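Report on one structure; see the data block that follows.
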Amino acid sequence: MALSLLGGGARVAVGVLWLIEGILKYRAGFGAADIELVAQSTEGNPRVPWFFEPLGSFMGMAPGLFGVVMPALEVALGALLVVGFLTRIAAFLSIGTLMLYWSADQLIAQYPAMVVLCAVVLLLPASGRFGMDGWLRARRSGATDAASGLWEA
């Protein structure tokens, strides 16, 4: 039970951080110009690893696409994590997205904390127990705890 609560707390915390990040981008008018700035800042930057170059080039060719997709991805990951649906997939995609940001030298203070929270979600299989994942699992198996109304893990 304690691990379920710890994992669920980490899941909701990282979900809220993603929602804040994505909504902030929408409110600030994030778009193609921001993606172009990121793509340009990675060119010749010694802190950007070699493997980012192809993606940086693609971002520079399709800034409008990335300007729409990135805030939408952040909000979607946040929503999935907060409600506990596709928890492990959302946590895995979150780490990938955060590593992409980090590789582009776009590190901000909360990204390392978000990676740690996602790692907790991935390491504790019961992280989705008190979310949609747990509800769906219980519904498929027909198991509920009548005394507390909580789903079985």
Ordering of 112-123, 60-71 by packing [mean C-beta count within 10 Å, highest first]: 112-123, 60-71
I need the shape label for segment 1-61. Rule: rounded when a/c is under 1.5, else prolate if a/b > b/c, else oblate, with a, b, c from the alpha carbon gyration tensor. oblate
I'd like to check one number: the per residue accessible area of segment 38-112, probe 1.4 Å, reported in Å² as a whole number. 54
Under 5 Å, built H, 5+ apart or other chain: amide partners of GLY84: MET132
Simple spin-label estimate for ILE108 and ILE89 in nanometres, 7 Å along Cα-Cβ: 2.7
At 7 Å along the Cα-to-beta-carbon direction for both MET1 and ILE20, put a label point, then send me their distance in nm to one decimal. 3.0
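The values are calculated or read from the model by the stated rules, or taken from the named source; none is laboratory data. Remember, predicted model here, so these are calculated numbers, not experimental data. FYI the Cβ positions are ideal-geometry reconstructions off the backbone, even for glycines, and counts take in every protein chain you see. Only protein heavy atoms, including side chains, enter the accessible area calculation; ligands, DNA and RNA are left aside. Shrake-Rupley method; radii C 1.70, N 1.55, O 1.52, S 1.80 Å.
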